[in-house]
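Written out below as structure tokens is the structure these notes cover.
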Amino acid sequence: MSAAAPHAPRARTATHCPYCALQCATLLSAPGGTVTVEPDPAFPVNRGSLCQKGWTAAALLAAPDRLTTPLLRDPAGRLAPTDWNRALDHTAERLRALRAAHGPDAVAVLGGGGLTNEKAYLLGKFARLALGTSRIDYNGRFCMAAAAVAQRAAFGVDRGLPFPVTDLAAAEVVLLAGANPAETMPPLMRHLERPDLIVIDPRRTRTAATAALHLRPVPGTDLALALGLLHLAVSEGMLDKTYVAERTTGFDETWARAGAWWPERVESVTGVPAAELRAAVRMLAGASRAYVLTGRGAEQHSKGSDTVAAFANLALALGLPGRPGRGFGTLTGQGNGQGGREMGQKADQLPGYRSLEDPADRAHIAAVWGVAPHALPGPGPGAHELLDSIGSPGGPRALLVAGCNPLVSAPDSGRVAERLAALELLVVADFVPSETAMAADVVLPVTQWAEEEGTLTSLEGRVLRRRRLLDPPAGVLPDLEVLRELAVRLGEPAGRYPADPRTVFEEIREATRGAPADYSGIDYARLDAGEALYWPCPEGGGGTPRLFLDRFAHPDGRARFAPVEHREAAERPDRDHPLYATTGRILAHYQSGAQTRRVEELLRAAPEPFVLVHPDTAARAGLADGQSARVVSARGGALVRVRCDPGLRTDTVFVPFHFPAAGRANLFTHAALDPRSGMPEFKVCAVRLEAAPCPRP
Ligand SMILES: Nc1nc2c(c(=O)[nH]1)N[C@H]1C(S)=C(S)[C@@H](COP(=O)(O)OP(=O)(O)OC[C@H]3O[C@@H](n4cnc5c(=O)[nH]c(N)nc54)[C@H](O)[C@@H]3O)O[C@H]1N2
Ligand SMILES: Nc1nc2c(c(=O)[nH]1)N[C@H]1C(S)=C(S)[C@@H](COP(=O)(O)OP(=O)(O)OC[C@H]3O[C@@H](n4cnc5c(=O)[nH]c(N)nc54)[C@H](O)[C@@H]3O)O[C@H]1N2
Ligand code: SF4
Ligand SMILES: [Mo]
């Protein structure tokens, strides 16, 4: 797929897809000025394949409504073109005034897991030094936060997959808890052809259709299900006692709880027949090479981190983590969802997975940044709490957004829209007029993937190079330059904010030296020479494709069982809202859809918001396939097209969250948060279906 090149192209360029964390390798060229994307057959992760989004990625470079000039809201309330100096001067002046009047925490920052490592790093540094604010978080709070908390607690470090994805191809059995890679990472399915799959998903997805066993729990009951699987593993004599004794702690307390989750009790809570639970455990325990993987279906709950912990418990009981050919992991979602969570844009973290509360970590980063440790603010609130506190006493008055579209992607988005409207200053850096950008006071147009250099860290913890094919169109600046220009206007020395990605990466090496996510041994030259480098990679080392083979990352080298207990979802169906609603993804669109709704081929494939509903459930609501309907919760409703799908449970509907305006799934989602991770409950709430008069939502 191709699109007209905005500017004179270089020769053929090896880079990676701009979308998900699989980071498929691509070769870009621009014969006759038209950018062409091809899969790189040499890269083991995608081995010459791409999904529809990858093939069509070039189209966005020349999107007709691409932002190519800064915009400033005029006194009449319209966004009008302006020049860079005015946009930056105005932004800095307003930020200074708000900070002077209300203190540094009056200014907040929201980053994204799609930002390169260099951008995420510099954004964190900018927030903590140039703004001096503790209020910085990113959209990974809505994505990887629950898995990160649970993995860190279980294994001592959070690298989504502690092994290369290609290892999966040699497995006999892979359990996927709440993941639908056939739509969300299609090339990954090539590595899942040989293993027998056990899929846990309330829907019969494309992934479930390929499974040897499909468990269909009521949404929000995976924690009970995982406790039940652990119960069976132990009660049927499949516990790996030697492994548990030698490599773990905490089994007894954990068993004290899981022991009460006998199969019939689990069946009554989850709706999954006891016979299927038994079959799942026997398959897993009977395989000599098995993996347990979680996705957002299990994680995006107000008990998401406990649920991941419960699946980690199961994997530990069967002796999987940290052994060759077996393991536990979680499928990171966004392009730089892994690197983005360890570069210091997270509310509680400094680069390298260092802690904002650890004096030694603070001192290390302060020294790299050339400031005193006390100059670093403390930890701040998670993304949803941050957004929710706008307009409350002491809450943020200005917000800077880079790499996120919260008007569409944050939970209970009716309320989020109100909160954003209460800001005194909203500044958005983006390359397309996203819904959030169009609500901003200042819009800063930035470069896209094929126009920039940098690194991203894929779902397997491998650091990859993004490379530039094209010059950016006139009028746009790279994010790094925007940050430097703003920092200077806020009184910071320019040298503290290098705009050259390679220089930023050199600083990342120093900042992460000796940290859990150690990048000190990685540099552009090694990456460009084709080395496969996985963190931790201390200076002089060859990186770590497989973690935990000898020991886990806790001081005693042991993994931790977690004594978690099931609890109900924040909201249950009742008379007014008799159905469960869950949300997620479809193949053709990416996230808030800000990018993929601008690609003609993808929009044709999925032009409008819809609800998947069992035909009997639709009939009961007086609806037929193709009709317009509203999916209504206690918070609001989304206007969608009805699509009957017998693969749905009769008590559950599914709505993709990729669509804007009245079709936003997040108008009905619940903002109940996981207390351990701040993850919202995107995957379950109570709704009813109503016929809607409007034929085209
Ligand atoms: N096409 C496409 N691909 C993407 C993305 C995209 O937007 N579009 N985004 C990327 C990102 S950031 C992410 S995080 C990943 C996400 O990748 P996935 O985790 O695979 O995606 P989801 O569709 O959010 O959720 C997976 C499945 O969870 C199921 N589910 C819903 N509720 C429950 C529940 O209570 N329990 C269980 N067990 N399952 C449940 C849904 O039916 C869905 O099929 O995809 C990445 N890849
Ligand atoms: N109901 C429901 N809601 C969900 C989910 C769900 O399953 N259900 N999933 C959640 C998950 S897992 C995620 S990851 C979030 C994602 O939610 P968002 O982060 O809001 O989604 P994106 O569409 O990726 O938004 C990224 C924006 O940043 C811009 N952008 C991309 N790259 C760059 C860059 O390098 N620099 C700058 N300045 N801008 C850039 C894009 O054009 C786009 O406008 O949504 C969450 N929301
Ligand atoms: S699977 Fe992910 S990385 Fe690969 S082509 Fe599709 S969107 Fe891009
Ligand atoms: Mo995500």
- Candidate aspartates and glutamates for bridging to LYS241, where Cα separation is under 17 Å - those fewer than 8 sequence places away on the same chain excluded: ASP252, GLU253
- The set of residues whose placed amide H lies less than 5 Å from the amide H of ASP40, leaving out same-chain residues fewer than 5 positions away, is ALA25, THR26, LEU27, GLY48
- Query: What is the stretch 586-640 by shape, rounded, prolate or oblate, if you read a ≥ b ≥ c off the alpha carbon gyration tensor as root eigenvalues and call it rounded for a/c under 1.5, prolate for a/b larger than b/c, and oblate otherwise?
  - Reply: prolate
- Query: Relative contact order for the chain: what is it in percent, counting Cα pairs under 8 Å that are at least 6 residues apart?
  - Reply: 19 percent
- Distance in nm between pseudo-label sites at ALA605 and GLU539 (7 Å out along the Cβ direction from Cα): 4.6 nm
- Starting with the highest mean, order 654-661, 361-368 by the number of other Cβ atoms within 10 Å, averaged over the residues of each peptide. 654-661, 361-368
- Highest average packing first - 424-432, 225-233, 490-498, 65-73, Cβ atoms within 10 Å: 225-233, 424-432, 65-73, 490-498
- Query: Per 10 Å bin, what is the whole-percent P(r) computed from every C-alpha pair distance within the stretch 367-468?
  - Reply: 13, 32, 31, 23, 1
- Would you mind checking the radius of gyration and Dmax of the chain based on alpha-carbon positions, in Å? 24.1, 72
- Query: For THR503 and THR210 in one chain, what is 0.36 nm times their gap in residues minus the Cα-Cα distance, to one decimal in nm?
  - Reply: 100.9 nm
- Message: Run the numbers for ASP616 and ASP83: contour at 0.36 nm per residue of separation, minus the present Cα-Cα distance, in nm.
- Response: 186.2 nm
- Using the number of other C-beta atoms within 10 angstrom as an exposure proxy, rank THR207, THR512, THR249, THR221 with the fewest first. THR249, THR221, THR207, THR512
- Message: Taking the alpha-carbon distance from LYS53 and a cut-off under 13 Å, which aspartates and glutamates remain once sequence neighbours fewer than 8 residues away in the same chain are dropped?
- Response: GLU38, GLU183, GLU600, GLU601
- Item | Computed helical MRE - 222 nm, the chain, DSSP H runs ≥ 4 contributing -39500 (n - 2.57), nearest 500 | -7500 deg cm²/dmol
- Considering only the stretch 579-691, what is the antiparallel percent among its DSSP beta bridges, to the nearest 5? 60 percent
- In whole Å, what is the distance between the alpha-carbon centres of the stretch 523-567 and the stretch 70-106? 42 Å
- Query: What shape does the stretch 146-331 take by its C-alpha gyration tensor, where a ≥ b ≥ c are the square roots of the eigenvalues and a/c under 1.5 counts as rounded, a/b above b/c as prolate, and the rest as oblate?
  - Reply: rounded
- Please report how far the C-alpha centroid of the stretch 299-321 lies from that of the stretch 184-202, rounded to the nearest whole angstrom. 19 Å
- Under the classification rounded if a/c is under 1.5, otherwise prolate if a/b is larger than b/c and oblate if not, where does the stretch 579-691 fall, given a ≥ b ≥ c as square roots of the Cα gyration tensor eigenvalues? oblate
- Message: Suppose each label sits 7 Å from its Cα in the direction of the beta carbon; what would the ARG47-TRP262 distance come out to in nanometres?
- Response: 4.6 nm
- Could you calculate the contour length gain from ALA634 to SER389, that is, 0.36 nm times the residue separation minus the distance between their Cα atoms, to one decimal place in nm? 86.1 nm
- Message: What's the ranking of 441-447, 583-589 by average number of surrounding C-beta atoms within 10 Å, highest first?
- Response: 441-447, 583-589
- Query: Considering only the chain, what is the antiparallel percent among its DSSP beta bridges, to the nearest 5?
  - Reply: 45 percent
- Message: From the phi angles alone, apply the Karplus equation (6.51, -1.76, 1.60; θ = phi - 60°) to the stretch 613-621 and give each ³J(HN,Hα) in whole Hz, x where the residue is Gly or Pro.
- Response: 9, 4, x, 5, 5, 4, 4, 4, 8
- What relative contact order, as a whole-number percentage, does the stretch 146-331 give when Cα pairs under 8 Å and 6 or more residues apart are counted? 32 percent
- Loop sites in the stretch 536-584: GluC sites (Glu not before Pro), DSSP, at most 15 other Cβ within 10 Å: GLU539, GLU565, GLU568
- Using only Cα atoms, locate the centre of the stretch 618-683 and the centre of the stretch 436-469, then give the distance between them in Å, rounded to an integer. 30 Å
- Dividing the mean separation of Cα pairs under 8 Å (6+ apart) by the residue count of the stretch 579-691 yields a relative contact order in percent of 36 percent
- Pseudo-spin-label distance ARG567 to ALA274, built 7 Å along Cα→Cβ, given in nm, is 2.8 nm
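Each reported figure results from applying straightforward, stated rules to the coordinates on display, with no laboratory input. Computed from a predicted structure; not experimentally measured. Cβ coordinates were reconstructed from backbone atoms using ideal geometry, including for glycine residues, and neighbour counts include every protein chain displayed.
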